[in-house]
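Here the structure is laid out as C-alpha cells; the discussion comes afterwards.
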Amino acid sequence: MGVTATLSLLADAVDQAQTFVNVFVTVYTLVIFAYIITSWLRLPYSSWLNRIQRFLYDVCEPYLRLFRRLLPSLGPLDLSPMIGLIVLFLMRFVLVSILERFH
C-alpha cells in the first residue's frame with residue numbers, strides 16, 4: 001500500500017468518525033427532548049406509549065442522573081437535561097476538534 005492510499009483511508013476513517021459523532025449527538029439530543037416532553041405530558045395509558053416512555057427513561061435517565069447528583073435541588077425545577085445537553089455539545093465540539101487534527 002502506498003502512502004497516498006494510507007492517507008486516503010485515514011481521511012475516510014476520520015470523516016466517518018466525525019459523521020458518527022455528529023449523528024449520535026443529534027439523535028441523543030432528540031431522544032432527550034422526547035423524554036422531557038413525555039415527562040411533562042399526562043398521556044393516557046397505552047401499552048405502546050408505556051413502552052416508548054420506558055425506552056426513553058432507560059436511555060436518558062442514566063446520563064441525566066449524573067448531573068442530578070451534582071446540581072443542587074431547586075424544587076420542581078430540573079436543570080439536568082439542560083446541563084446534560086450543554087455537556088453533550090461540548091463533548092461533540094472537543095471530539096470533532098480532535099478528529100480534525102487527523103484530517
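The values are calculated or read from the model by the stated rules, or taken from the named source; none is laboratory data. Here the structure is a predicted model, which is why all the values come from computation and not from measurement. Every residue, glycine among them, receives a Cβ derived from its backbone with ideal geometry; neighbour counts consider all protein chains shown. When the accessible area is computed, the model is the full protein with side chains, heavy atoms only, and any ligands, DNA or RNA have been set aside. Shrake-Rupley method; radii C 1.70, N 1.55, O 1.52, S 1.80 Å.
Data table
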{"read-out": "Options F55, F33: the member that is at pLDDT 95 or above, more than 27 Å from Q18 (Cβ to Cβ) and either small (G, A, S) or surrounded by 13 or more Cβ atoms within 10 Å (Cβ to Cβ) (or both)", "value": "F55"}
{"read-out": "Filter pass, Y63 being in contact with a Cys (Cβ under 7 Å, 6 or more places away or on another chain) and either more than 30 Å from S97 (Cβ to Cβ) or surrounded by 13 or more Cβ atoms within 10 Å (Cβ to Cβ) (or both)", "value": "no"}
{"read-out": "Yes/no for F20 being within 21 Å of F89 (Cβ to Cβ), of a type in the set (A, V, I, L, M, F, W, C), out of contact with any helix residue (DSSP H, G or I) (no Cβ under 7 Å at 6 or more places or on another chain) and surrounded by 13 or more Cβ atoms within 10 Å (Cβ to Cβ)", "value": "no"}
{"read-out": "Residues that are hydrophobic (A, V, I, L, M, F, W, C) and surrounded by 11 or more Cβ atoms within 10 Å (Cβ to Cβ), drawn from segment 71-88", "value": "L71, L79, M82, I83, L85, I86, V87, L88"}
{"read-out": "From R68, R92, residue being open to solvent by 60 Å² or more (accessible area, probe 1.4 Å), basic (K, R) and touching an Asp or Glu at 6+ places or on another chain (Cβ under 9 Å)", "value": "R68"}
{"read-out": "Near pairs, Cβ below 8 angstrom, 6+ apart or cross-chain, from segment 79-102 (in contact (Cβ under 8 Å) with a residue 12 or more places away in the chain) to any residue that is among the charged types (D, E, K, R) and part of a helix (DSSP H, G or I)", "value": "S80/R65; S80/R68"}
